[in-house]
Amino acid sequence: MIKLSRQIESLENIIERLETKIDELTEKQSEIEYNAMDHDREMTEKECDKYDALQEKIEELESERDDIENALDYLRDWEG
């Protein structure tokens with residue numbers, strides 16, 4: 001049987017870092033929204049562009065996280 005615990009742990013750490021980055025980007029999106037609400041207005045075009053760019057990054061990171069989680073599931077099955 002192949003020992004994959006080190007690789008699994010490494011991938012789990014990568015997932016944690018990705019989730020932290022996703023949370024940070026989500027917080028930045030919230031800040032953009034709250035800034036507009038605090039000033040009782042809609043988001044400006046520039047704010048919308050920043051918000052959309054953050055959303056794109058979030059979706060990319062979520063996709064990477066999902067791919068790694070799928071690989072982890074495979075490795076755990078292989079190891080188990």
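Give the angle, between 0 and 90 degrees and rounded to the nearest 10, that separates the Cα long axis of helix 5-38 from the longest principal axis of the Cα atoms of the chain.
Long axis of 5-38 versus the principal axis of the chain: about 10 degrees.
So what is the relative contact order for the chain, in percent, with contacts set as C-alpha pairs under 8 Å and at least six apart?
Numbers: 40 pairs, mean separation 40.9, N = 80.
Reported relative contact order: 51 percent.
Given points 7 Å out from each Cα along the Cα-Cβ axis, report the Arg6 to Thr20 separation in nanometres with one decimal.
The modelled label-to-label distance comes out at 2.3 nm.
Share of the chain's accessible area from carbon and sulfur, percent, 1.4 Å?
Working: 2890 of 6260 Å².
Answer for the chain is 46 percent, counting heavy atoms of protein chains only.
Name the residues of the stretch 43-68 whose amide N is less than 19 Å from a point 7 angstrom out from the Cα of Ala36 along the C-beta direction?
43-59
For the chain, report the accessible area per residue in Å² (1.4 Å probe, heavy atoms, rounded to an integer).
That works out to 78 Å² for each residue.
Just to verify a number: FRET efficiency for Asp77 and Lys28, C-beta to C-beta distance, R0 = 30 Å, to 0.05?
Result of the calculation: an efficiency of 0.25.
For the chain, what Kirkwood radius comes out of the mean inverse Cα-Cα distance, in Å?
In the chain this quantity evaluates to 14.6 Å.
Using only the heavy atoms of the protein chains and a 1.4 Å probe, how would Met37, Met43 rank by accessible area, largest first?
From most accessible down to least: Met37, Met43.
Return the calculated 222 nm mean residue ellipticity for the chain, to the nearest 500 deg cm²/dmol, obtained by summing -39500 (n - 2.57) across DSSP H runs with n ≥ 4 and dividing by the residue count.
Mean residue ellipticity at 222 nm (helix-derived): -31500 deg cm²/dmol.
The values are calculated or read from the model by the stated rules, or taken from the named source; none is laboratory data. The shown structure was predicted, so the numbers you read here are calculated from the model rather than taken from an experiment. With ideal geometry, Cβ positions are generated from the backbone for all residues, glycine too; neighbour counts draw on all protein chains shown. Side chains included, ligands, DNA and RNA excluded: accessible areas come from the protein's heavy atoms. Shrake-Rupley method; radii C 1.70, N 1.55, O 1.52, S 1.80 Å.
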